[in-house]
Structure formats: C-alpha cells, structure tokens
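Inspection log for the structure reproduced underneath, given as structure tokens.
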Amino acid sequence: MSKKKLTTTGGAPIASNQHSKTAGQRGPVLLEDYQLIEKLAHQNRERIPERVVHAKGWGAQGTLTITHDITKYTSAKIFDTIGKQTPMLARFSTVAGEQGAADAERDVRGFALKFYTEEGNWDLVGNNTPVFFIRDGYKFPDFIRTQKRHPKTNLRSPEAMWDFWSLVPESLHQVTILMSDRGIPVGPQYMNGYGSHTFSFYNKEGERYWVKFHFKTQQGHKHYTNEESVKVIGKSRETFQEELYGSIEKGDFPKWKMYVQIMPEMDAEKTSYNPFDLTKVWPHSDYPLIEVGELELNKNPDNYFQYIENAAFSPSNVVPGIGFSPDKVLQSRIFSYADAHRYRLGTHYEALPANKPVSEVNHYHKDGSMRFFDNNSGNPDAYYEPNSFNGPVEDESFAEPPMRISGDATRYGNETDDDFTQPGNLFRMFNDEQKQRLFNNIAEAMDGVSEEIIERQLKLFDKADPAYGAGVRKALGMVVA
Ligand code: NDP
C-alpha cells in the first residue's frame, strides 16, 4: 500500500523531515526553515491548561441501553423505548491529583457521562459517591484549596484537610465514605457511579418529579487497602488506565446497571432531610431504586487527547424531560463547568468531536476561538434573531413546567444541624473488619495533624456514633475510657 504524503499543516508536501536547513554543512540554521519552526511551535502548544479539579482522567466510549419503562416520569427521548441505545462517552477521574498523579490514591472519583441524545447532549457529571463534602457551591473553592498544594510548602496538607473537615461538619458523610474500603477502587469498572445531585424529571403531562441517578457496577466492588495501594503505586502509577483500557481491548466490556430514585415534587417539602442537600442520600427504604437500563463501555477512543482530555462535561447540559433542582452545589456547577471549558478549551468547545451533539445544532452565537463550523442557519442573512430570513426559531412546545419549590431570597444557612445521622447509618452498616480499616485509614491520614484539630474532628465522629469516635481514638493510640 502506498504511504500518504507528509505535509505541512498548510498541506504542502515535505521533501525532508530529517534535517533542518542550514547555510552550509557546518553553518547556522536559517529563519526561513518554516518546517522546523512549525514543528517546534506545535510542540510548545501541545498542552492545554489542565483541569483545576479532576485533572487525571481515564475514559471510554459506549452505549446506554434502556431495559425498563420510566416514561410516566420523563418525556426525555433517551428513555422513550425499551431497547433504545444511545451512544455515550465516560470520563473517570481523581479530584485532587494533577495529571501525573498516581491512579491508586485515596480520593473521590469523578464519574462523568455524556449521552449523545437525539435532542442534544445530556451530561451527568457525578462521582463514585452519592454525596459530597459540602452542601453549598459557595464553599467549593475553599474546600478544593485544602485538597491541593500548600502555598508555601507546595505539598499536600493533611493539616488543612482535617482543619476544614472538622470545622465543616456537613463533610462527615463524605469523609466516612472516603476513609472506608471504597476510598481506593482498583479501577473504574469496580465502582458505582452516582449523579449525586438531585435533578428533576418531567413528563408529557407537565408533572415534575425529583430524581437521583445510580449506576451499579456489574463487575463487583474491588478496592485496595492502604498497604496494597502503596505496593501498587510502587509498580505503576497508571493502574486505572491499564484496567480500563486493557479490559476494553480484550473485549471484556465494563457494565453498570442504571437505576433512578423518584420523589414526587411536593414530597420535597415533607422529608425530614432536605432532599436537595448534596451531603444526604435518600434512603432506599423511602425511595427504592427503579431499574432503567444498562451502561456498557465498549470502545477505547482512537485518540486519548481528542476524546478524553477534550471532553467537556457540564451539568448545564440537560435535555427536554430532564431539569435541575434547587441543590445549591448543582446550581453553582451549572455555571462553573461550562465556564471552565470556555477558559480551558475555547469559546466553541462544544463543536469539538468529543462534545459535538449528534442532533442538529442551531444558534446565533458568533465568532471566537474554534469557530471552524459553517453558518448552520443555511442563510448568511439570518445572523441575528428575530429575522425575516428563515433562521432558526424557538419552539414553545419544549417549555419546562414551572418549578413549584421557592421562597424569599436570602443567604439561608443549614436547615437542621443533622450532619450525623446518615454518616452514623453508614458506619453502623460496616462489619467489624470494615470498621477497623476505617479507623486505621483515618488515623493514618491524620498523621502529623495538630492535636486541637484532631480533637475537634473526634467530637464529630462521636456525634455520628460513639463507637466511631472511640475506634479512631484507639487507632490513634489514645487511651479510651
Ligand atoms: P441500604 O442498606 O439500602 O444501602 C446501603 C448502600 O450503601 C448501598 O447502596 C451500598 O452500595 C452502599 N455502600 C456499602 N458500603 C459502602 C461504602 N463503604 N461507601 C459508600 N457506600 C457504601 O442503605 P440506605 O439507603 O438506608 O442508606 C444507608 C447508608 O448507605 C447511607 O447513610 C449512605 O451512607 C449509604 N448509601 C446510601 C445510598 C442511597 O442512595 N440510599 C447510596 C450509597 C450509599 P452497593 O449496593 O453497591 O453495595
């Protein structure tokens, strides 16, 4: 087979890709050697800013297949027929580490899904945990500072982490999950995924329901202990990539069963916990899991950078039949994710192959970086709206029903002080070995932290369950009465 011709980015054939152009055999390189300049300039521009959070990631392409009928809750077309298959992209990540960080670290994992539906992209940008450390996006930048490097030492700071967690009791639920067995998964396919936030569904009759999304691993949960992870990282820093990429290459496709929990709209005023609080779950006994479908990852992208590094997930991407909720962290992320991508990738980032919807895209946003797509209105005179030139128009039939939960605007504090019942429930679910590993993991993570901060945190464990505080004290070598 004849090989393709090597060219400049301008398409001109290249005669030599081996030597720069010099004035004489032993003379200096000429400025006119554009091939050399182009090659070096491209290398200088190979990196884009890494994500401030979730920088280290692994991903694949796949399919969501609908297996059960939930059309009484939502008119979203992705769910309209049993057997329907929608192409999708998944990206998993650690939260705190930079792009070169080791995969087998104790951290929450991002679990981001992009579904290319016939009515636009639906992004579910969740985690491998059903809750998060904070219930208000206002605290997010401060929380993330405590997970990243100290400004002077340039090291991660357990002092900052435990200081923040001990001063913000709403973090206890997520801290308990993070320090539990599930804190270091073996690979993306061995963990559950959760939409984490409460979203809403609305059906053809305009009835709204609150919804939580769950993806349960079909490979079984597999996790490393602290000791195992030290050995694993000593051998390879890329274990998640190896696990995910390797199993897909072998044809061993990872699968998750998709479920929803559904809450009728006005129940939100009655539950003992705030159903929009991201530090809380909805107990399964109150709102059971309803099976929806199966997610399968079955293709490694041909180019990691193009499809995984350039993937831009945002909770702002919802489709008709799916809406937001008053969850304060969700509300902040609706702004901040799309904003991060405009900064990191460029104005028209949604036209990149990883992000491009399969449905028609018609808008009047104009120029800016990456305006490489055509005038898609079909008529160059239709470049504003309203216009008389047959440009795209709105369609009232997609109007969302009004959200009935609202009140007076102010900066509301916590509704109740109950940051302890649910972490306590989780703790009481663990058997003795799981509890002991939790105590040990916490004691190890507290190494070097000031006594005052440790004491403050121990009081929070006590409030969740006295045996929780006692167990951590013992693991820390303290005398327990
Ligand atoms: P259930 O007894 O009905 O379910 C327990 C849940 O806990 C299961 O979903 C299980 O996941 C999950 N789980 C088990 N071990 C861990 C762990 N180390 N870290 C995180 N999750 C774990 O419980 P309830 O609904 O009554 O809730 C009890 C507690 O379970 C909650 O306070 C919460 O901490 C936790 N939980 C609840 C979830 C919910 O949506 N209700 C979701 C996840 C956790 P699996 O089935 O895959 O083993």
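Contact map, region 203-228: residues that are among the polar types (S, T, N, Q) paired with residues that are in a strand (DSSP E or B) and within 11 Å of the ligand (Cβ to nearest atom), Cβ distance under 6 Å, separation 6+ or inter-chain. Pairs shown: Thr217/Trp256.
Within region 390-431, if we keep just the residues that are charged (D, E, K, R) and under 27 Å from Val281 (Cβ atoms), the residue that is nearest to the ligand (Cβ to nearest atom) turns out to be Arg428. Can you spot a residue in region 172-186 that is out of contact with any Cys (no Cβ under 8 Å at 6 or more places or on another chain), farther than 23 Å from Thr146 by Cα, assigned by TED's automatic domain parsing to the domain that holds Gly110 and surrounded by 18 or more Cβ atoms within 10 Å (Cβ to Cβ)? Yes; the residues of region 172-186 include at least one that is out of contact with any Cys (no Cβ under 8 Å at 6 or more places or on another chain), farther than 23 Å from Thr146 by Cα, assigned by TED's automatic domain parsing to the domain that holds Gly110 and surrounded by 18 or more Cβ atoms within 10 Å (Cβ to Cβ). Ser196 fulfils the conditions (1) away from the ligand (no atom under 12 Å from the Cβ); (2) not in a strand (DSSP E or B) except for a single criterion, (1).
The residues listed here are Val232, Val319, Val260, Val281; of these, the one that is more than 15 Å from the ligand (Cβ to nearest atom), out of contact with any Gly (no Cβ under 7 Å at 6 or more places or on another chain) and not acidic (Asp, Glu) is Val232.
One line per residue, one yes/no per condition, for (1) touching a Gly at 6+ places or on another chain (Cβ under 7 Å); (2) surrounded by fewer than 20 Cβ atoms within 10 Å (Cβ to Cβ):
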| site | (1), (2) |
| --- | --- |
| Leu36 | no, yes |
| Ala96 | no, no |
| Gln99 | no, yes |
| Asp103 | no, no |
| Val108 | no, no |
| Thr117 | no, no |
| Asn127 | yes, no |
| Pro130 | no, no |
| Phe140 | no, yes |
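Scan region 99-154 for residues that are farther than 21 Å from Thr63 by Cβ, in contact with a strand residue (DSSP E or B) (Cβ under 8 Å, 6 or more places away or on another chain) and either of a type in the set (Phe, Trp, Tyr) or not assigned by TED's automatic domain parsing to the domain that holds Glu296 (or both) and jot them down. If the condition is that a residue be farther than 21 Å from Thr63 by Cβ, in contact with a strand residue (DSSP E or B) (Cβ under 8 Å, 6 or more places away or on another chain) and either of a type in the set (Phe, Trp, Tyr) or not assigned by TED's automatic domain parsing to the domain that holds Glu296 (or both), then no residue fits.
If only residues of region 441-481 that are charged (D, E, K, R) and not in a helix (DSSP H, G or I) are counted, the one that is farthest from Gly183 (Cα to Cα) is Asp465. Of all residues in region 238-288, exactly one satisfies the criterion of being surrounded by fewer than 17 Cβ atoms within 10 Å (Cβ to Cβ) and in contact with a Lys or Arg (Cβ under 8 Å, 6 or more places away or on another chain), namely Met266.
The values are calculated or read from the model by the stated rules, or taken from the named source; none is laboratory data. Source: prediction; values computed, not measured. Ideal geometry is used to build each Cβ from the backbone, glycine not excepted, and the neighbour counts take in all protein chains shown.
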